[in-house]
1. When the residues of the stretch 1-23 are filtered to those that are in contact with a Leu (Cβ under 8 Å, 6 or more places away or on another chain) and assigned to a strand (DSSP E or B), which remaining residue is surrounded by the most Cβ atoms within 10 Å (Cβ to Cβ)?
Amino acid sequence: MWKVTKTQFLVRNSKSGIYYARLFASGKEIRKSLRTDVYSVAKARLPRLVRDVRKFQGFAPDPSGALNRRKRDCLVPGCSGEAS
């Protein structure tokens with residue numbers, strides 16, 4: 001049913017032809033529709049969706065390419081909210 005593409009995080013539903021972003025957050029798989037059946041359009045929409053999902057889940061991109069968990073509730077005085 002799902003066809004893997006050569007682009008990371010991008011899969012296609014073989015029945016409908018629609019492209020989806022396939023991500024993992026908090027140990028769960030998340031699939032979000034990119035609402036297109038055109039590969040170039042899906043590839044262009046993918047980075048924004050990945051960024052939005054990571055932001056919503058509390059993840060931020062690290063310059064080294066790794067993911068960091070941001071402090072959601074920084075209640076300690078002097079806490080800057082920087083990634084730990």
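1. If we filter the stretch 1-23 for residues that are in contact with a Leu (Cβ under 8 Å, 6 or more places away or on another chain), which is where we start, we get 7, 9-10, 18-22.
Then keep just the ones that are assigned to a strand (DSSP E or B); that gives 10, 19-22.
Working: L10: 21, Y19: 25, Y20: 21, A21: 22, R22: 16.
It comes out as Y19.
Rundown of residues vs (1) in contact with a strand residue (DSSP E or B) (Cβ under 6 Å, 6 or more places away or on another chain); (2) at pLDDT below 95, yes/no style:
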site: K15; (1), (2): no, no
site: S26; (1), (2): no, yes
site: A42; (1), (2): yes, no
site: R45; (1), (2): no, no
site: R72; (1), (2): no, yes
site: V76; (1), (2): no, yes
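The values are calculated or read from the model by the stated rules, or taken from the named source; none is laboratory data. Here the structure is a predicted model, which is why all the values come from computation and not from measurement. Every residue, glycine among them, receives a Cβ derived from its backbone with ideal geometry; neighbour counts consider all protein chains shown.
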